[in-house]
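A short reminder: the numbers here are calculations on the coordinates, not readings from a lab. Worth saying up front: this structure is predicted, and the values here are computed from it rather than measured. Note that we place each Cβ from the backbone using ideal geometry, even for glycine, and neighbour counts take in every protein chain shown.
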Amino acid sequence: MVNAAIPKLLVGVLTTLNANLAQNVTNGASEWGTLSAQKFSKFLTNNPLPDGYPWSTLTATNADPYTQAPVTGVVRHYDWTISRKTLAPDGVERPMIVVNGAFPGPTIEANWGDWIEVTVTNGLEDEGTSLHWHGLLQTETPWFDGVPGVQQCPIAPGSTFTYRFRADLYGTSWWHSHYSAQYSSGVLGPMIIHGPNHLKETEDYDIDLGPVLLTDWYHRAYFDIVEDVMGTDINSIIAAGSSENNLINGKMNFNCSNTNLPCTEGAGISKFEFTTGKKHRLRLINAGSEGQQKFSIDEHSLTVIARDFVPVEPYTLNMVSLGIGQRLDVIVEATGSSGSSYFMRSTIETNCTRSSQPYALAAVYYPDANQTALPNSTPQPDTRPDCTKPDYPLESTVPIYKITPAETPDLTYEIELSLAQNSSGNWVWFMSGSSFRVNFNEPVLILANKGNTSFPSNWNVYNSGNATNVRVILKNLFTVGHPMHFHGHNMFELASGTGTWDGTITNPENPPRRDTHMIPGSGYYVFQYVADNPGVWPFHCHIAWHVSGGLYVNLMEHPDKIAQNMKIPQIMHQTCRDWAAFSNTTVIDQIDSGL
Ligand code: C2O
């Protein structure tokens, strides 16, 4: 890590400048959604670079993205403090939990192959925390995946913990707290990793406008919502899951007559700038708590170039949908003329989700447009199917880097997903009859490293031993869809649909891959993965209230290698001692699964 000192310094300076420039009352220190928000270049150059690209001669087609990340020798360092703060993203004041006083939180930006180092101080006086880097493989550092009770103990109040992991895939993602539903109170932000470009010259973009975070929005703190979600009264459970608003990059207006909370009318919507004739890259991220989003820009079309961290053959639609945790990188050609303006819209899919205000708006301004006036533009027709079907047919989704999964897996799991009351009358989710609950004090990975692999049944650990190709057939016995996310891997999406799987595989030569898949209501999702990443990897519904309710399993692979070869750093053990000391003197109010 010879070059580490220089980028560390530069990143530090840039972070401080941003925080001082953007003091917005509604979103704290966040600059997202303002016209002064940062734009992105094709890769970071603030480090000593060899000639050419930071990834040298690697391309999207000549390098296996899962095993061939370049060694850049660069470290990107961030210093974060998590604390409580009252903010009003949509004008309604609510208690939030945020990183460095900002919602959405700070951006992680790196080149493919860089190391990312995030020093996190838990400034909450009475609860733990833990941060997850959504979509990364963590092949070299499986203990830094950030799931409390699975790979680490929660970071105790007042403690500091440094995550250090590689930018081992490239594209668009986000980071978020994985401690209970804490992220839904605001602990989340974008993550951008620059890598090889797979676009032809005629398809390529000119301007990278960066992240577009879509978040369904609640006016209550996450803990209050989880208390209701975990209840015995089905009506209050449903009401608790209903969002009050929908935000784009942390902003939206709210009609104050619809709340008793302190509220300022006209908090304002996010603003973007388009340049006529140029192609703009937008990085769409559904970072919400429950609702699937349907995204569009009035009178413009969207060309999808990547799904999650997987570059794909470009396809063009006028509207796309994203389940929680999913990302789509889109290119938008600016066909408007100067002086014009258009609405960007994102709407919560309401066949599966409840929301009293599902419509998020932002404004796109062309040069010379009045940037204080609202656009007057024509919405796209709603062409997206509801939550029971994929937004774009799986069979038409072609990854740029072709991989053919093994025809016959070594091991197949069948898991049934259902909702039912547990013995205390609470409505919870079951995975093949077992509702998940974590033990914060005993991370599964650390136990497995000590050679212990017999776990309580409600830890839902599936041990695949030394199997290499693992298939999962997930059956959804419930009527609504779920965004199923898998850590540590991309999944081959072999098949997905309503009813029962007939054994057909989508594009068996090169099936689509991603890290989060929407399983249809009353349907199935069949995926496969290469178990080449010794560790304990969560597979769960990314709806915050569902993972709280136990819709979660751990897929553990190569326990022998975890026990024999894995050198877990001392800090992981120290973090457990600090957590034990805290939890010995303070009652941990774990009212949900813990995740
Ligand atoms: Cu983005 Cu286990 O989550």
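Amide hydrogen proximity for T506: with H placed 1.01 Å from N in the peptide plane, the residues at 5 or more positions away or on another chain lying under 5 Å are A495. Does a label point 7 Å from the Cα of S338, set along Cα-to-beta-carbon, have any residues of region 272-289 with amide nitrogen under 14 Å, and which are they? Taking a point 7 Å out along Cα→Cβ of S338, the residues of region 272-289 whose backbone N falls under 14 Å are 274-278.
Computed from label points 7 Å out along Cα-Cβ, the spacing between D126 and N370 is 4.9 nm.
Computed per residue of the chain from DSSP H runs no shorter than four, each worth -39500 (n - 2.57), the mean residue ellipticity at 222 nm is -3000 deg cm²/dmol. The mean sequence distance of close C-alpha pairs (under 8 Å, at least 6 residues apart), as a share of the length of the chain, puts its relative contact order at 14 percent. The modelled label-to-label distance between D206 and S418, using points 7 Å beyond Cα along the C-beta direction, is 5.8 nm. Label zone of N258 (point 7 Å out along Cα→Cβ, amide N under 11 Å): in region 354-381 this covers 355-360. Gain on full extension, evaluated as 0.36 nm per residue between T276 and N235 minus their Cα-Cα distance, stands at 9.8 nm. Put simply, the amide H of G210, placed in the peptide plane, has neighbours under 5 Å in F40, R283, leaving out anything fewer than 5 places away on its chain. When the square roots of the Cα gyration tensor eigenvalues are ordered a ≥ b ≥ c, the ratio a/c for region 396-583 is 1.5 or more and a/b does not exceed b/c, which makes its shape oblate. Cys residues of the chain that find no other Cys beta carbon under 4.7 Å: C541.
Note on region 497-512 and region 355-398: Cα centroid distance 29 Å, given to the nearest whole angstrom. Mind running the shape call on the chain? Use the C-alpha gyration tensor, a ≥ b ≥ c as the square roots of the eigenvalues: rounded below 1.5 for a/c, prolate if a/b tops b/c, oblate otherwise. Judged from the Cα gyration tensor, the chain comes out rounded (a/c under 1.5). Taking 26 Å as the limit for the C-alpha separation, the pairs K278/K389; K85/K251; K200/K278; K251/K475; K42/K402; K279/K389 exceed it in the case of K278/K389; K251/K475; K279/K389.
In a fully extended conformation the segment linking K561 and R84 would gain 167.7 nm over its present Cα-Cα distance, using 0.36 nm per residue.
Given R0 = 45 Å, the distance between the Cβ atoms of T45 and H573 translates into a calculated FRET efficiency of 0.70. Phi-derived couplings, Karplus 6.51 cos²θ - 1.76 cosθ + 1.60 at θ = phi - 60°, listed residue by residue for region 477-487: 8, 9, 7, 9, x, 9, x, 8, 10, 10, 7 Hz, with x used for Gly and Pro. Listing I305, I108 from fewest to most neighbouring C-beta atoms within 10 Å gives I108, I305. Judged by the ratio a/c of the largest to the smallest principal axis of the C-alpha gyration tensor, region 484-595 counts as oblate, that ratio being 1.5 or greater while a/b is no larger than b/c.
Summary value for region 396-583: 29 percent relative contact order, contacts being C-alpha pairs under 8 angstrom separated by 6+ residues.
Given their separation in residues at 0.36 nm each and the Cα-Cα distance between them, T479 and D382 gain 32.7 nm when the chain is fully extended. Values of log10 I(q)/I(0) for region 462-542 across q = 0.26 Å⁻¹ run -1.35, by the Debye formula with one identical scatterer at each alpha carbon and no solvent. Between V71 and E140, the modelled labels are 0.8 nm apart [label points 7 Å from Cα along Cα→Cβ]. Computed from the Cβ-Cβ distance with R0 of 22 Å, the FRET efficiency linking E407 to S454 stands at 0.10.
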